[in-house]
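Undergrad: Here it is, the structure, as structure tokens.
The values are calculated or read from the model by the stated rules, or taken from the named source; none is laboratory data. Model, not experiment: these values are computed from the prediction. Ideal geometry is used to build each Cβ from the backbone, glycine not excepted, and the neighbour counts take in all protein chains shown. Ligands, DNA and RNA are excluded from the accessible area calculation, which covers all protein heavy atoms including side chains. Shrake-Rupley method; radii C 1.70, N 1.55, O 1.52, S 1.80 Å.
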Amino acid sequence: MTASAAAESRDILRRLGVPEAAFADTGLTTRSPVDGSAGPTLAQADPAAVDAVVALSAEAFQAWRRVPAPRRGELVRLLGEELRAAKADLAALVTLEPGKIVSEGLGEVQEMIDVCDFAVGLSRQLYGLTLPSERPGHHMRETYQPLGPVLVISAFNFPVAVWSWNAALALVCGDPVIWKPSEKTPLTALATQAIFARAAARFGDAPAHLSQVVIGGREAGEALAADPRIPLVSATGSTRMGKAVAQSVAARLGRSLLELGGNNAMIVTPSADLDLAVRAIAFSAVGTAGQRCTSLRRLFVHQSIAGDLAVRLTKAYESLPVGDPREDGVLVGPLIDEDAYAAFREAVDRGAEEGVLIVGGERLDRPGVYVRPALIGMGSAGQTDLVLQETFAPILYMFAWEDFDQAVEMQNAVPQGLSSCVFTDSVREAEQFLSAWGSDCGIANVNIGPSGAEIGGAFGGEKDTGGGRESGSDAWKAYMRRQTQTVNFSRDLPLAQGVRFDV
């Protein structure tokens, strides 16, 4: 008989070395969506504790910014090694706490390892610019300097990867990290912090409190976001939460890096490889039980192939194994909690009234919150208020279109702008989709689903998605302050723009 998810979680936490001081008789009670079992109760930070965390982080910054960037990269390299050693246990915890299937749990930890590798190389490439000066005997250059403590507010659906995107870059940039995880997934945060502590011990001279975890609810997050000692807040979650964070941080003229909601679309054209499209749709729409910011929510199919694709998708959906994510072969695990199910139920019922429920939508009779992914046909009607909002669940709305320009316009006609894709064998359609008048999203793919981005590219989106960029490319610049420097190596003092001021 499979052990309870809570019992397995406790065993993993012990193996990973999470200190007993993290647990308490009262506080935040954890619960696994796998079977609904109650896990450890965790001590929560009060306002005084939050203030102390920020003070300790500011103190760590004073020392860490003096460490050469390649040396800082060595700590991240050691973190990657520790993550490799703990991959199986941490991945199992990712399965148990948010309910991801085994391969997704392993993939999330691998993502942490990959971004550590990326950041190690980055530690020797925090490049600036050399600029020509108009004044003789002058050199002008642009450099990037450490910024200060970085607050990471993460969501339940990627409980550890989002921290790593931010932490690996912040650490090599010279910044300490404070982590406020979702109240729904604090155990993975404590486990990751224990892994980081082992890397820091091996590093030898890392300042204390370089990485800290704050367990708490909304109040803790609000207090941290409002603290002027934290120059950058990276927040991942709902658009509602992001707007509140942005207002709080802007009020003190701090920086926000926001990764918020997505209402992602796929356009399927008559020339598309439908076998490929079906596979991409299935993973993008139902992977992580539809609880990804990049999950596929809207499907726009040319009317000439809409019927054929609907039949193929119905067959695929009916064959999806839904169940305990620990079991072999399962592809769809649970929703995170009853609130998520209530939103799913409401959206499916409304969708069935506004369109046609083609397949799915039922709840399974078992412990935990398990549902069959829903496919709802909306015909050639416009997108209603239901479709324009993001329901964080495995629901896919399917529309028919006649003209490619119309399909792109429908894709862009939502408040969110995270990820998008087109399936086509037409170079013209593909290039138009990627043009300035094509997809308005931060991520645009051709013959690839909207979900499952690599760490090498900057990740993020536009409009209500927040405009932030994390992970690859030059996303590291958000974690540093830019400084223009001018050096006069002459014996004269010419002024710019020919200004004369002789005394």
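Undergrad: Go through (1) at negative phi; (2) open to solvent by 10 Å² or more (accessible area, probe 1.4 Å) for LEU309 and report which single condition fails.
TA: Going through (1) at negative phi; (2) open to solvent by 10 Å² or more (accessible area, probe 1.4 Å) one by one, LEU309 breaks only (2).
Undergrad: Please count how many residues of segment 236-271 are assigned to a loop (DSSP other than H, G, I, E, B), crowded, with 20+ Cβ neighbours inside 10 Å and among the hydrophobic types (A, V, I, L, M, F, W, C). Lay out the reasoning, then the answer.
TA: We begin by selecting, within segment 236-271, every residue assigned to a loop (DSSP other than H, G, I, E, B); these are 237-238, 252-254, 260-263, 269-271.
Next, only the ones that are crowded, with 20+ Cβ neighbours inside 10 Å stay: 237, 254, 260-263, 269.
Next cut, among the hydrophobic types (A, V, I, L, M, F, W, C) only: 260.
Matching residues across segment 236-271 total 1.
Undergrad: Scan segment 385-415 residue by residue and report those that are in a loop (DSSP other than H, G, I, E, B) and either in contact (Cβ under 8 Å) with a residue 60 or more places away in the chain or not hydrophobic (A, V, I, L, M, F, W, C) (or both). Outline the logic, then answer.
TA: If we filter segment 385-415 for residues that are in a loop (DSSP other than H, G, I, E, B), which is where we start, we get 389-394, 402-403, 413-415.
Answer for segment 385-415, where residues must be in a loop (DSSP other than H, G, I, E, B) and either in contact (Cβ under 8 Å) with a residue 60 or more places away in the chain or not hydrophobic (A, V, I, L, M, F, W, C) (or both): GLN389, GLU390, THR391, PHE392, ALA393, PRO394, GLU402, ASP403, VAL414, PRO415.
Undergrad: Please specify each residue of segment 368-384 satisfying the condition of being closer than 23 Å to PRO415 by Cα and either in a loop (DSSP other than H, G, I, E, B) or open to solvent by less than 20 Å² (accessible area, probe 1.4 Å) (or both).
TA: Initially, segment 368-384 is screened for residues closer than 23 Å to PRO415 by Cα, giving 374-384.
Correct list: ALA374, LEU375, ILE376, GLY377, MET378, SER380, ALA381, GLY382, GLN383, THR384.
Undergrad: Has segment 200-218 got at least one residue that is part of a helix (DSSP H, G or I) and of a type in the set (Asp, Glu)? Steps first, answer last, please.
TA: Kept after step one, since they are part of a helix (DSSP H, G or I), are these residues of segment 200-218: 200-203, 218.
Right, trim to of a type in the set (Asp, Glu) and you get none.
Among the residues of segment 200-218, not one is part of a helix (DSSP H, G or I) and of a type in the set (Asp, Glu), which makes the answer no.
Undergrad: Restricting to segment 1-29, give me the number of residues that are open to solvent by 10 Å² or more (accessible area, probe 1.4 Å) and under 17 Å from PRO367 (Cα atoms).
TA: Count: 6.
Undergrad: Suppose the filter is part of a loop (DSSP other than H, G, I, E, B), in contact with a Leu (Cβ under 6 Å, 6 or more places away or on another chain), under 27 Å from VAL67 (Cα atoms) and charged (D, E, K, R); does ASP227 pass it? Reasoning before the result, please.
TA: Details: part of a loop (DSSP other than H, G, I, E, B): yes; in contact with a Leu (Cβ under 6 Å, 6 or more places away or on another chain): no; under 27 Å from VAL67 (Cα atoms): yes; charged (D, E, K, R): yes.
Spelling it out, it is not the case that ASP227 is part of a loop (DSSP other than H, G, I, E, B), in contact with a Leu (Cβ under 6 Å, 6 or more places away or on another chain), under 27 Å from VAL67 (Cα atoms) and charged (D, E, K, R).
Undergrad: Regarding LEU335, is this residue open to solvent by less than 20 Å² (accessible area, probe 1.4 Å) and under 23 Å from GLY438 (Cα atoms)?
TA: On the way: open to solvent by less than 20 Å² (accessible area, probe 1.4 Å): yes; under 23 Å from GLY438 (Cα atoms): no.
So LEU335 does not fit the description; no.
Undergrad: Can I ask one more? Checking the condition in contact with a Gly (Cβ under 6 Å, 6 or more places away or on another chain), of a type in the set (Gly, Ala, Ser) and in contact (Cβ under 8 Å) with a residue 12 or more places away in the chain, which residue from SER295, SER284 passes? If you could, list the steps in order and put the result at the bottom.
TA: Values: SER295 fails: in contact with a Gly (Cβ under 6 Å, 6 or more places away or on another chain).
On inspection, the qualifying residue turns out to be SER284.
Undergrad: Give the residues of segment 82-97 that are in contact (Cβ under 8 Å) with a residue 60 or more places away in the chain, assigned to a helix (DSSP H, G or I) and not aliphatic (A, V, I, L, M), sorted by residue number. First the steps, then the outcome.
TA: Step one: list which residues in segment 82-97 are in contact (Cβ under 8 Å) with a residue 60 or more places away in the chain, which gives 82-83, 86, 89-90, 92-97.
Checking which are assigned to a helix (DSSP H, G or I) leaves us with 82-83, 89-90, 92-96.
Answer for segment 82-97, where residues must be in contact (Cβ under 8 Å) with a residue 60 or more places away in the chain, assigned to a helix (DSSP H, G or I) and not aliphatic (A, V, I, L, M): GLU82, ASP89, THR95.
Undergrad: Here is a follow-up. In segment 34-58, which residue that is farther than 17 Å from TRP179 by Cβ and in a helix (DSSP H, G or I) is modelled with the highest pLDDT?
TA: At the first step, the residues of segment 34-58 found to be farther than 17 Å from TRP179 by Cβ are 34-41, 46-48.
Narrowing the set further to residues that are in a helix (DSSP H, G or I) leaves 47-48.
On the way: PRO47: 92, ALA48: 95.
This residue is ALA48.
Undergrad: Same structure again: Mind checking which residues of segment 119-158 are under 30 Å from VAL499 (Cβ atoms), of a type in the set (Ser, Thr, Tyr) and open to solvent by less than 40 Å² (accessible area, probe 1.4 Å)?
TA: SER133, THR143, TYR144
Undergrad: Still on this structure, I have one more. Pull out all pairs, ordered by first then second residue, where Cβ-Cβ is under 7 Å, the residues are six or more apart or on different chains, the first lies in segment 312-326 and is in contact (Cβ under 8 Å) with a residue 60 or more places away in the chain, and the second is open to solvent by 50 Å² or more (accessible area, probe 1.4 Å) and in a loop (DSSP other than H, G, I, E, B).
TA: Filtered contacts from segment 312-326: ASP324/THR2; ARG326/THR2.
Undergrad: Name the residues in segment 163-193 that are open to solvent by less than 10 Å² (accessible area, probe 1.4 Å), more than 20 Å from VAL102 (Cβ to Cβ) and assigned to a helix (DSSP H, G or I), would you?
TA: Within segment 163-193, TRP163, ASN166, ALA167, ALA168, LEU169, ALA170, LEU171, VAL172, CYS173, PRO186, ALA189 meet the criteria.
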